[in-house]
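Participant: Following this message is one structure expressed as structure tokens.
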Amino acid sequence: AKANTNGVIVDTEPPASTVEIADIYFNETDWSADTHIQGSASDGHSGLNTVEVSIQNLNNTNYWNGTDWTGGEEWVTAEGTTSWSYGLSGGEFDDGATYQFRSRGIDSVGNVQSEYGINTLIYDTSEPNTVLDILGEFYNVAGWDTAAPIQGTATDTTSGLVQVEVLIYDVNDDEYWN
């Protein structure tokens, strides 16, 4: 609480912060050099001094220490305070791993946020698996059944599928069907 005793303001309340991540799934293309872990923080009394971020790979429980992954809990200093960010290369992420990002603010008198801002993402660089199911290897006009669909299966074990596309190429005429 904030108390005023003989002109002295006593600040015992910690700051608040949040972690803002746009999507739950990212890959090498989506997580570019311009992508940062980011968020906001506030302190209603003495003002913000620092925002720290804890980055944990939930699959192997390691933490990012600013240069490498280690076994113990680590906090790294973010850039900025009320609007903060932390840059981390996509090359540091493991395919298929879930990452938890926690933020904590520290105010000017040393109060540390204990109810952290939290968000997660899953890093997915594995291609989906597709199988095209056509019964024969060779067809002619008389042998092609237009009522039988071109069919197959598609799976993605990490982030799922949004759509499946089929590309048909005529090797004799060097053309794609549209």
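The values are calculated or read from the model by the stated rules, or taken from the named source; none is laboratory data. Predicted, not measured: the structure shown is a model, and the values here were computed from it. Here the Cβ is made from the backbone with ideal geometry for all residues, glycine too, and neighbour counts use every protein chain on show. The area values use the complete protein model at the heavy-atom level, side chains included, leaving out ligands, DNA and RNA. Shrake-Rupley method; radii C 1.70, N 1.55, O 1.52, S 1.80 Å.
Participant: If you go through region 108-122 one residue at a time, do you hit one that is more than 24 Å from residue 20 (Cβ to Cβ), of a type outside the set (Phe, Trp, Tyr) and either open to solvent by less than 50 Å² (accessible area, probe 1.4 Å) or modelled with pLDDT of 90 or more (or both)?
Facilitator: Kept after step one, since they are more than 24 Å from residue 20 (Cβ to Cβ), are these residues of region 108-122: 109-110.
Add one more test, that the residue is of a type outside the set (Phe, Trp, Tyr), and what stays is 109-110.
Filter again for either open to solvent by less than 50 Å² (accessible area, probe 1.4 Å) or modelled with pLDDT of 90 or more (or both), leaving 109-110.
Looking through region 108-122, at least one residue is more than 24 Å from residue 20 (Cβ to Cβ), of a type outside the set (Phe, Trp, Tyr) and either open to solvent by less than 50 Å² (accessible area, probe 1.4 Å) or modelled with pLDDT of 90 or more (or both).
Participant: Another one. Out of region 50-80, which residues are in contact (Cβ under 8 Å) with a residue 60 or more places away in the chain and either among the aromatic types (Phe, Trp, Tyr) or part of a strand (DSSP E or B) (or both)?
Facilitator: Result: 54, single match.
Participant: Within region 8-26, which residues are crowded, with 18+ Cβ neighbours inside 10 Å and either modelled with pLDDT under 90 or not aliphatic (A, V, I, L, M) (or both)?
Facilitator: Residues satisfying the conditions are 11, 14, 15, 17, 26.
Participant: Let me ask something additional. Tally up the residues in region 121-172 that are within 37 Å of the chain's Cα centre (by Cα) and farther than 28 Å from residue 32 by Cα, please. Talk me through it step by step, then tell me what you get.
Facilitator: Initial filter on region 121-172 (within 37 Å of the chain's Cα centre (by Cα)): 121-133, 150-169.
Next cut, farther than 28 Å from residue 32 by Cα only: 131-133, 150-153, 166-169.
Of the residues in region 121-172, 11 are within 37 Å of the chain's Cα centre (by Cα) and farther than 28 Å from residue 32 by Cα.
Participant: Taking only pairs six or more apart or across chains, which ones have beta-carbon atoms under 9 Å, a first residue in region 13-34 that is under 16 Å from residue 87 (Cα atoms), and a second residue that is modelled with pLDDT under 85 and surrounded by 13 or more Cβ atoms within 10 Å (Cβ to Cβ)?
Facilitator: 22/30; 22/35; 26/35
Participant: In region 103-169, which strands (runs of 3 or more DSSP E) lie fully inside it and hold 1 or more residues that are under 30 Å from residue 81 (Cα atoms)?
Facilitator: Working: elements: 117-123, 129-133, 151-155.
Counting at least 1 such residues, we get 117-123.
Participant: If you don't mind, another one. I'd like to know if region 90-97 contains one or more residues that are in a helix (DSSP H, G or I) and either surrounded by fewer than 15 Cβ atoms within 10 Å (Cβ to Cβ) or touching a His at 6+ places or on another chain (Cβ under 7 Å) (or both). Steps first, please.
Facilitator: So the first thing to find is which residues in region 90-97 are in a helix (DSSP H, G or I), and the list is 90-92.
Applying the additional criterion that residues be either surrounded by fewer than 15 Cβ atoms within 10 Å (Cβ to Cβ) or touching a His at 6+ places or on another chain (Cβ under 7 Å) (or both) yields 91.
Taking every residue of region 90-97 in turn, at least one turns out to be in a helix (DSSP H, G or I) and either surrounded by fewer than 15 Cβ atoms within 10 Å (Cβ to Cβ) or touching a His at 6+ places or on another chain (Cβ under 7 Å) (or both).
Participant: Which residue pairs have Cβ atoms under 9 Å apart, sit 6 or more places apart or on different chains, and have a first residue in region 98-124 that is closer than 10 Å to residue 52 by Cα and touching a residue at least 12 places away in the same chain (Cβ under 8 Å) and a second that is small (Gly, Ala, Ser) and part of a loop (DSSP other than H, G, I, E, B)?
Facilitator: Pairs found: 103/78; 104/114.
Participant: Also, quick follow-up: Kindly provide the set of residues from region 151-178 that are in contact (Cβ under 8 Å) with a residue 24 or more places away in the chain and farther than 30 Å from residue 98 by Cα, ordered by number.
Facilitator: Across region 151-178, the qualifying residue is only 166.
Participant: Which residue is modelled with the highest pLDDT, if the candidates are limited to region 27-49 and must be touching an Asp or Glu at 6+ places or on another chain (Cβ under 9 Å) and assigned to a loop (DSSP other than H, G, I, E, B)? Walk me through how you get there before you give the answer.
Facilitator: Within region 27-49, the first condition is being touching an Asp or Glu at 6+ places or on another chain (Cβ under 9 Å), and the residues that meet it are 27, 30, 36-40, 43-49.
Checking the rest, the ones that are also assigned to a loop (DSSP other than H, G, I, E, B) come to 27, 30, 43-47.
Values: 27: 83, 30: 81, 43: 96, 44: 90, 45: 88, 46: 91, 47: 92.
Across region 27-49, the extreme among qualifying residues is 43.
Participant: In addition: Within region 61-89, how many residues turn out to be of a type outside the set (A, V, I, L, M), on the phi < 0 side of the Ramachandran plot and open to solvent by less than 70 Å² (accessible area, probe 1.4 Å)? Explain how you work it out, then say what you get.
Facilitator: In the first step, residues of region 61-89 are kept if they are of a type outside the set (A, V, I, L, M); the result is 61-75, 77, 79-87, 89.
Next, only the ones that are on the phi < 0 side of the Ramachandran plot stay: 62-65, 67-75, 77, 79, 81-87, 89.
From what's left, open to solvent by less than 70 Å² (accessible area, probe 1.4 Å): 62-65, 69-72, 74-75, 81, 84-87.
Here the count works out to 15.
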